[in-house]
Each structure stands twice: as structure tokens, then as C-alpha cells.
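To start, the structure itself, in C-alpha cells.
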Amino acid sequence: MTMQKKLHLTSLGCAKNLVDSEMMLGVLELEGYTTVEDPAEAELLLINTCGFIRPAVEEAVDKILELAEYKEKDPNKKLVVTGCMVQRYGKELQEELPEVDIFIGIDEEKEISSLIKNWVPGNPSLFLDGPSTFLTDSQLPRRLATPFFRSSLKITEGCDNRCTYCMIPTIRGGLRSRSVQDLLIEAKALEQAGVKELSLIAQDLTAYGDDFDGSEAGDNLVWLLNQLLVQTDIPWFRLLYLYPSSVSEGLLELMAEQPRILPYLDIPFQHVSDPVLQRMGRRYGQQDLEQLIAQIRRVLPNCALRTTMMVGFPGETEEDLEKLLDCLQRWQLDHVGVFSYEAEQGSLAADFSDKVDKEIQEKRFAQVMELQAKISANTLTQYVGKKEVVLVEGVSKETDLLLEGRTRYQAPDIDGCVLINDGTADPGDLVTVEITEAHIYDLVGGIISRAQNK
Ligand code: SF4
């Protein structure tokens, strides 16, 4: 009987990185590891890092030093660091973080069990073999780190776009798409495990299949979705990270026909001003965005739109920011994530002139956040009095007097939620909630019935 070993996982960064963490959990579980919440109890301290922007790297280093203190108290513990920060900085990290026993690059993560088993102090501690070419697949084990009823399906790895501020292609490599067959096998396994909400994720979802031999750009995502709809009964499919100029009419029409593809689109615009978008290396301008939003609202009138905006990019003027504020005011988007530009060492934009002062960046960030908070509060009022299907997450993080869940228009971890003040339900239940109140980011309401699974 394999001895129960305990590991503590910290998974940083995006949902794509969490899928890698879940793969490593699956691999380690086969080796007899179970996951514990308290690092003090664990013999293996595992951190899967993010490394694409400086604040993420700082967060990872802080976490590593925090966990190194547990190792100081108990030298038998192993501190293992994986992920994008290792992929990006590799050797430098070895010098800067001697507390760490083993550094593992993205492509070597699937070998984590044997790398840990065969490692002895004094042995080389960095396992990283050049640019990443790894592509996960359904044959690799996966232990979900999310609640059982929701998960992500990572349909590609890497990215062929070349946005001037972004280090992801350098860290994750060029675009690699998984086959439809392989994705169906994984989706069915997730359905078996009780998944009701499956988010399709990638660096650029619309690029799915562009690397397939003889493929026509853009149709493959529609083909994949049709197969997922036919071959599973998963009630909710959510689409995240679409590239603005590659959202096809075919995709919107399929969404209009198929309510199991949620009326929700996450499409990072990054900015709206043509000169800024050109310097960012984005393949569209303001007019394209105006047309896209009009097209989506024509084909999918009640679709929730999420985007991300970046302020303070080199060369951004007050006039550019005014344009951004004006567009947000006119477009009334449901969810907007706002970021301040960070000059990333190794990115093209890091050498651009006309850098924007930190103070001005912060002022512009606050202006956009303030405007969008008003817009969010306003767009949420449209749900008051309506009956919405809600996926129950469980007891509210705010108080155990309330349950919380999400409507079809609220993605996990990044959008607001529904605070349920009447009725009972279990995590993973789909219920119908009558919305009675709207706050800046959250809704409030009571359960009126069980929802049909569709
Ligand atoms: S689309 Fe652009 S920002 Fe997104 S991962 Fe690719 S290069 Fe980076």
C-alpha cells in the first residue's frame, strides 16, 4: 500500500496555469500524495508560478519566501517551484532563491513525480529544457482544484500573436491546438466528474485549429463547440479570451441557436485608440471594435460582454484616454478588467519611447475604474425583477447567512456574484433566482425553483 504523502499546492496566475497545476496534482496523487491546506502538515510544498508581468513575479517570490520559512522549521520538507516564472527566468532563479530545492519548467511538469523521487540534496535543481513545446492531453491525470461542478478545458497552448507588451509567446511558445477527439475525451471525463460549467480557455480561443494542416482560420472553434454540444450533456459552456478581430459570424450564430453556450463573451480589447492599438501590435482599430459590439448586440442582444483595458502604454495621450472613457460610456460593457502597463524586460514595447509617468498611469487607472464602477452598477439594474438561472457556488464568502452563485452572465473568479437570501440549495445546483437588488458588482435574490438543466 503506497504511504500517504502530503502536499500543499499554491497555484498562481491564470486559469490555464491552474490546469497545469491540476495535471501535476493528478500525477502526484498516483504517487500517493494527498493535498493539505496547511503547509506545516505537508512534506512537499509546491508552487506553480505565473511569470508574464513583474507584479506576478513579485507575488511568486513573496510566496516562495513565505513557504521557505516552513522548510526552515522542518528541513525534511521539499520546496518545489514550477511554471511560467521558471520557464522565463530559469537559471537566474537558482542563484536568487537558494531556499528552493527543485525548479521545474513547463515541459518537465508532467515528470514531477520522478523528478522529486530521484532528487537528492546537492543534485542539479533546475529541470528546464528550452522553449516550451508541451501540449496537455486527456491521457494525463488531472485532479480538479476547482469545485467539482465547474472546470476549464484548455484547448490550445502558446500564442502566435505578437502583441508588443506580451511575454507569453516567449514563455509558452507558439500556438499548439489539441485535437477535437482529445478534447472530447477530456470533456466527457469532466462531465462524469459532475462538471456543469465548462469554460473553454486559451491564450486566444479564436485561434483554435489555425495550426491544423489545411484548416480555414476561425471555423475550428465552431466545429469543436458543435462536437461538445452533441457528445456531452454539459449544461453550460463559457467562452473566455477571444481575439477581437477573429470573432466569426458563425460563432455568434451558433451561440444564438445554442443556449448551452452561455450568452457571455470575454474579448480583451486592451485599448480603443488606433495609435495605441497599432503600437501594441493589435490587429484591429476602434472602428472594428464598434462594428464587433454592434454585431454581437444584433445577433446576441442579451450577451454579457467582458473585456480588459490597459492604461499607460507608451505614447498614450490624454486624448487617447478620453477616447477610451468615451467608448466605455457609450458601449456600457458588463465587465471590464483594468490594468496599468508594465514594461516587461524582453518585450518589444519595453524599448518604446514616450513612457507614461507612474503618477499619470495611476490617475488614468483610477479614472477608468471609477467610470466602469458606475457603468457596472447601471448594467446590473437590468436584472432586477428578472428570474435568472444561477449556478450555486455554496455559502457566501461574506456571511454564512447567505448562499452565493453566478448567473450565466458572471464568470467564476473574475466577475461579481448573486447573493442568495432565500431558499436552500447545494453547491453545483442550478436554480432559478428572482433578482430583487443590484449593487455595484453583485446581485441579490431568492430561490424560486430548481432550474431545468438546460
Ligand atoms: S494574444 Fe497577445 S496578449 Fe494575448 S497571449 Fe497572445 S501575444 Fe500575449
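So the values come out like this:
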{"item": "Relative contact order of the chain, defined on C-alpha pairs under 8 angstrom at six or more residues apart (%)", "result": "10"}
{"item": "The chain: Cys lacking any partner C-beta under 4.7 angstrom", "result": "C14, C50, C84, C159, C303, C327, C417"}
{"item": "Stokes-Einstein translational diffusion, region 121-201 - Kirkwood Rh over all Cα pairs, 0.692 mPa s, 37 °C, in µm²/s", "result": "221"}
{"item": "Extension gain (nm, one decimal) between A193 and K6, 0.36 nm per residue minus Cα-Cα", "result": "65.0 nm"}
{"item": "Helical mean residue ellipticity (222 nm; -39500 (n - 2.57) per DSSP H run of 4+; nearest 500) of the chain", "result": "-10500 deg cm²/dmol"}
{"item": "All lysines inside 17 Å of K16 as judged from Cα atoms, apart from same-chain residues fewer than 8 positions distant", "result": "K110, K154"}
{"item": "Inter-part distance where region 309-339 and region 224-271 are each reduced to a Cα centre, Å", "result": "25"}
{"item": "Gain in span if fully extended, I440 to L229, counting 0.36 nm per residue against the direct Cα distance", "result": "72.6 nm"}
{"item": "Protection proxy ranking, peptides 430-441, 402-413, average beta carbon neighbours within 10 Å, highest first", "result": "402-413, 430-441"}
{"item": "Cα-Cα pairs of region 163-216 separated by more than 13 Å (percent)", "result": "70"}
{"item": "Point-to-point label distance, D74-D288, nm (Cα→Cβ direction, 7 Å offset)", "result": "5.3"}
{"item": "E41-N123 pseudo-label distance in nm [points 7 Å out on the Cα-to-Cβ vector]", "result": "2.8"}
{"item": "Accessible-area ranking of S340, S132, largest first, probe 1.4 Å", "result": "S340, S132"}
{"item": "Probe 1.4 Å, protein heavy atoms only - accessible area per residue of the chain in square angstrom", "result": "43"}
{"item": "Three-way shape label, region 23-158, alpha-carbon gyration tensor, a/c 1.5", "result": "rounded"}
{"item": "Calculated diffusion of the chain, Stokes-Einstein form, Kirkwood radius summed over Cα pairs, 25 °C and 0.890 mPa s, µm²/s", "result": "105"}
{"item": "Point-to-point label distance, Q181-L402, nm (Cα→Cβ direction, 7 Å offset)", "result": "4.9"}
{"item": "Under 29 Å from the Cα of K358 - lysines, other chains or at least 8 residues apart", "result": "K63, K323, K374"}
{"item": "Contact order normalised by residue count of region 150-378, Cα under 8 Å, 6+ apart, percent", "result": "17"}
{"item": "Potential lengthening between Q258 and K386 on full extension [0.36 nm per residue; Cα-Cα distance subtracted]", "result": "44.0 nm"}
{"item": "Region 5-126: relative contact order in percent, alpha carbon pairs under 8 Å with at least 6 residues between", "result": "25"}
{"item": "Estimated FRET transfer efficiency when R0 is 35 angstrom, pair E95-T133 (beta carbons, to 0.05)", "result": "0.85"}
{"item": "GluC sites (Glu not before Pro) restricted to DSSP loop in region 75-182 with at most 16 other C-beta within 10 Å", "result": "E99"}
{"item": "Debye log10 I(q)/I(0) for region 150-378, one point scatterer per Cα, at q = 0.13 Å⁻¹", "result": "-0.82"}
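The values are calculated or read from the model by the stated rules, or taken from the named source; none is laboratory data. Values in this document were obtained by computation on a predicted structure and should not be read as measured data. Here Cβ is always computed from backbone atoms with ideal geometry, including for glycine, and neighbour counts include all displayed protein chains. Accessible surface areas use protein heavy atoms only, side chains included; no ligands, DNA or RNA. Shrake-Rupley method; radii C 1.70, N 1.55, O 1.52, S 1.80 Å.
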